[in-house]
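Below: the structure, in structure tokens.
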Amino acid sequence: MTVRPAEAGELEIARQRLAGFWGDPILVRGAVYPLADCEVLIAGDFEGLAAISRRDPPIAELVALNAFTPRRGVGTALLAALPGFLGPGFRQIRLTTPNYNLDALRFYQRRGYRLAALRPGVVDLARREKPSIPAVGDYGLPVRDEIDLMLDL
């Protein structure tokens, strides 16, 4: 699957699509990531999108990842393209997911990402700033905590 950086008019379309799914800005670890400040990778014909922040080298932040065509290798292709897209100067990719997202935890770990941090209760605090964050997630699990995963490059 082809993965390319979003350019010109498609960049705004990609950011709007991510915002429709995740909201904008995205809050993780107490940090605010406006999608307008993120670079975006596109897989295929908008089959998947990844928003990346380079603001904290040598760590790149994977702010959002969506595979709109599930179980077809879209997310895997986006992750595989990240190191080449980032280039030199970055030694790790970090991402954050809430505790309820068991599918994401499985997906990332199977692709080499390792558990790096747990912040109990931080999503409850973020919900004060962004009330659209749900209280209950997949599998009926409460949405309370954040988990960081890291990949060494």
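Brief remarks follow.
- Dipole magnitude of the stretch 3-152, debye to nearest 20 (Cβ charges: Lys/Arg +1, Asp/Glu -1, about Cα centre): 400
- Applying D = kT/(6 pi eta Rh) to the stretch 17-75, where Rh is the Kirkwood radius over alpha-carbon pairs, T corresponds to 4 °C and eta to 1.567 mPa s, the Stokes-Einstein value obtained is 108 µm²/s.
- P(r) weight above 23 Å for the chain, C-alpha pairs, percent: 33
- Computed helical MRE - 222 nm, the chain, DSSP H runs ≥ 4 contributing -39500 (n - 2.57), nearest 500: -9000 deg cm²/dmol
- With Cα atoms defining each centre, the stretch 42-113 and the stretch 119-153 are spaced 18 Å apart in the structure.
- Highest-MSF residue in the chain out of Leu141, Leu105, Leu82 [GNM, Cα springs under 10 Å]: Leu141
- Computed from Cα atoms, the angle from the helix 74-86 axis to the main principal axis of the chain rounds to 70 degrees.
- For the stretch 49-112, relative contact order (Cα pairs under 8 Å, six or more residues apart, normalised by length) works out to 33 percent.
- Between Tyr139 and Arg110, the FRET efficiency estimated from the beta carbon spacing at R0 = 25 angstrom works out to 0.85.
- Sequence ranges 43-50, 69-76, ranked by mean other-Cβ count within 10 angstrom, highest first: 43-50, 69-76
All of the numbers you see were taken from the coordinates with simple rules; none came from a lab. Everything numeric in this text was worked out from a predicted model, so none of it was measured. Note that we place each Cβ from the backbone using ideal geometry, even for glycine, and neighbour counts take in every protein chain shown.
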